[in-house]
Amino acid sequence: MTTDVPRLSGATLGRIAPGVHVGTRRPDAAVGIVHLGIGAFHRAHQAVYTEEAMAAEGVGHWGICGVTQRSRAVVDQLGPQDGFYGVLEGSDDGVSVRVVGSVLEVVSAGEQPELVQSRIADEAVRVVTLTVTEKGYRRDASGRLDLRDAGVQADLTGTDAPVTAIGRLVRGLQERNRRHGASITVLSCDNLVGNGEVVRGLVADFCAALPTAEGEPLREWVASSVSFPSSMVDRIVPATTDDDRAQARQLLGVRDDGLVVAEPFRQWVIEDDFAGPVPAWHRAGATLTADVAPYEAVKLRLLNATHSLLAYTGALAGYTTIAEAMRDDRLSAAATALMAQDALPTLTRPDDLDLADYQQSVLARFANPVLRHRTTQVAMDGSQKLPVRLLGTVRDRLRAGAEPRWAALAVAAWMVYVARERDALGRPLPLDDPLADRLRTAAAGPESGLVERMLAVEEVFDPELRDSAVFRGLIAEGVKELLVTR
């Protein structure tokens, strides 16, 4: 790492190259949002919208306190930079960078749990947002809070600092109720169907599992004073590389250890159901609506499902990035067919979306060579993603008497990815999944029985899918094709 170049911070903003957009802070800058899970996606998405909303309103009191759930890496990246970081955007039209200043504070939940709780309880904070990934919600197979999870059990006892996202959220809300009881909006920004209702249910489950004298009054306050709007977020944010940092250094004129990379496209659809004031996100381009579900279904079933198909088939074929996979005519044709033949018939079109244009934009975004979005990164957490991205489409098409061939191919590619553990070039394929051990056990054995063993993983497949001869046959065809072509 080059260290002789000044590092980005509040003190070095004046050294940034001319022409770079810099998000400066107003004199009234203050924390108004607590964000759980301050990874790259939040910094490239909600933090940018929030900065632009503050600029549009001419206020500074919607600054973000970012909470890192596990590693303190983000604290080390952004702390010395006073929360400032760059967003590097790239496409065929060129590369640019902007500096974002909406993050005022970064906290490690593991090291400063009392501060996290205090921030959520602060009356000046009116919004808690979350990007903790699907697995971070600690749900069981039925979608409820997994009360058997060791972390959830520990958080319910209250003897130590909470270790789960829901535990941290609820303990913060509990302290808020104890101090003053001011209303607050909790806004999930994760790829979950009805994510607002999901979080509402998990919070209720946590309260119900507490002793009655503790949990019942908390549950009643939450029901009356906390809103849980759903939202849909979209922006491709690949992992940042050393090459990206070097390019940003040339554009900025300073070193940025907190850099994130993103495509130019971004979208945020939010249910207009807030418990109190929120930033003017709509003035930064977000869509406020009474019903997020149609937008959510379009994104999950067209974009996310196709992303997973390309990730698993591309990784198996030896492609490092999604853009490389898109240059394979067979894989790009499969991606097109998945959207047009399987997913599109299951969707209700939002009034302001042209679905034909949307499909073309998805393919163009995936083909963007500048992003270098790794297939194995998209392939992470398949056991959590497949039910949300693909299996709803499969279920709907089967009920309609159709054969969801391309969605089944994506599922088959996931199974082969888990079983084979190496790509066509002999390189190892990482299995980064909360059910990794369970999946490896199911995949072990003769290839002839792979489909049956994987379909028996009840955390992923429900009885309707497991018992479908059509679905089983389509997956078997896909597995056979993938094993032969490899």
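The values are calculated or read from the model by the stated rules, or taken from the named source; none is laboratory data. Everything numeric in this text was worked out from a predicted model, so none of it was measured. Heads up, the Cβs are rebuilt from the backbone with ideal geometry, glycines too, and the neighbour counts pull from every protein chain shown.
Output the number of residues of region 176-185 satisfying the condition of being touching a helix residue (DSSP H, G or I) at 6+ places or on another chain (Cβ under 6 Å) and either closer than 30 Å to Met380 by Cβ or surrounded by fewer than 17 Cβ atoms within 10 Å (Cβ to Cβ) (or both).
Summing the residues that are touching a helix residue (DSSP H, G or I) at 6+ places or on another chain (Cβ under 6 Å) and either closer than 30 Å to Met380 by Cβ or surrounded by fewer than 17 Cβ atoms within 10 Å (Cβ to Cβ) (or both) in region 176-185 gives 2.
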* Meets criteria (crowded, with 17+ Cβ neighbours inside 10 Å, modelled with pLDDT under 95 and either assigned by TED's automatic domain parsing to the domain that holds Val226 or among the polar types (S, T, N, Q) (or both)) for Leu202 -> no
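Among the residues of region 110-143, which ones are part of a loop (DSSP other than H, G, I, E, B) and either more than 19 Å from the chain's Cα centre (by Cα) or free of Cβ contacts under 8 Å to residues at least 12 places away in the same chain (or both)?
Gly110, Glu111, Gln112, Asp122, Glu123, Ala124, Val125, Arg126, Asp140, Ala141, Ser142
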* Asked: If we scan region 438-451, do we find a residue that is modelled with pLDDT of 95 or more and of a type in the set (Asp, Glu)?
  -> no
* **Failed item in (1) of a type in the set (Gly, Ala, Ser); (2) in contact with a Phe, Trp or Tyr (Cβ under 9 Å, 6 or more places away or on another chain); (3) more than 20 Å from Lys385 (Cα to Cα); (4) touching a residue at least 40 places away in the same chain (Cβ under 8 Å), with Ser332 passing the rest** => (4)
* Counting only residues that are of a type in the set (A, V, I, L, M, F, W, C) and modelled with pLDDT under 95, give me the helices (runs of 4 or more DSSP H) lying completely in region 354-393 with at least 3 of them. => none
* Would you say Gln69 is under 24 Å from Arg365 (Cα atoms) and either within 20 Å of the chain's Cα centre (by Cα) or not assigned by TED's automatic domain parsing to the domain that holds Val260 (or both)? -> no
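Kindly establish whether Gly314 is crowded, with 16+ Cβ neighbours inside 10 Å and either assigned to a helix (DSSP H, G or I) or outside the structural domain of Pro430 (by TED's automatic domain parsing) (or both).
Considered against the rule, which asks whether it is crowded, with 16+ Cβ neighbours inside 10 Å and either assigned to a helix (DSSP H, G or I) or outside the structural domain of Pro430 (by TED's automatic domain parsing) (or both), Gly314 comes out as yes.
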* Could you say whether any residue in region 325-340 is under 20 Å from Ala408 (Cα atoms), among the polar types (S, T, N, Q) and crowded, with 20+ Cβ neighbours inside 10 Å? -> no
* Give the residue that is farthest from Ser96 (Cα to Cα), with candidates limited to residues of region 352-397 that are surrounded by fewer than 22 Cβ atoms within 10 Å (Cβ to Cβ) and basic (Lys, Arg). => Arg395
* To do: Take Trp414 and decide whether it is under 20 Å from Asp342 (Cα atoms), out of contact with any Asp or Glu (no Cβ under 6 Å at 6 or more places or on another chain), aromatic (Phe, Trp, Tyr) and in the same structural domain as Leu391 (by TED's automatic domain parsing).
  => yes
* **Test for His21: is it in contact with a strand residue (DSSP E or B) (Cβ under 7 Å, 6 or more places away or on another chain), surrounded by fewer than 16 Cβ atoms within 10 Å (Cβ to Cβ), in contact (Cβ under 8 Å) with a residue 60 or more places away in the chain and outside the structural domain of Arg365 (by TED's automatic domain parsing)** => yes
* Asked: Only one residue in Ala11, Ala53 is modelled with pLDDT of 95 or more, buried (at least 20 other Cβ atoms within 10 Å of the Cβ), assigned to a helix (DSSP H, G or I) and among the aliphatic types (A, V, I, L, M), so which one is that?
  -> Ala53
* To do: Working carefully through the options Gly426, Gly401, Gly445, find the one that is without any contact (Cβ under 8 Å) to a residue 40 or more places away in the chain, closer than 29 Å to Ala239 by Cβ, exposed (fewer than 14 other Cβ atoms within 10 Å of the Cβ) and not assigned by TED's automatic domain parsing to the domain that holds Asp243.
  => Gly426
* Asked: So how many residues does region 448-480 have that are β-branched (Val, Ile, Thr), in contact (Cβ under 8 Å) with a residue 40 or more places away in the chain and over 19 Å from Val388 (Cα atoms)?
  -> 2
* Asked: Going by the conditions given, is Val100 touching a residue at least 12 places away in the same chain (Cβ under 8 Å) and more than 23 Å from Pro369 (Cα to Cα)?
  -> yes
* Could you grab the pairs with beta carbons closer than 7 Å, sequence gap of 6+ or different chains, first residue in region 348-367 and closer than 21 Å to Ala333 by Cα, second one acidic (Asp, Glu) and surrounded by 14 or more Cβ atoms within 10 Å (Cβ to Cβ)? => Arg365/Glu263
* Within the bounds of region 41-64, is there any residue that is over 25 Å from Ser231 (Cβ atoms), in the same structural domain as Gln247 (by TED's automatic domain parsing) and in contact with a Ser or Thr (Cβ under 9 Å, 6 or more places away or on another chain)? -> no
* What residue, among those in region 251-301 that are among the charged types (D, E, K, R) and under 18 Å from the mean Cα position of the chain (by Cα), is farthest from Val48 (Cα to Cα)? -> Arg301
* Structure fact -> Quick count over region 63-100, residues being aliphatic (A, V, I, L, M), assigned to a strand (DSSP E or B) and crowded, with 17+ Cβ neighbours inside 10 Å, is 7
* Which number in (1) without any contact (Cβ under 8 Å) to a residue 24 or more places away in the chain; (2) crowded, with 21+ Cβ neighbours inside 10 Å; (3) not β-branched (Val, Ile, Thr) marks the one condition that Asp4 misses? -> (2)
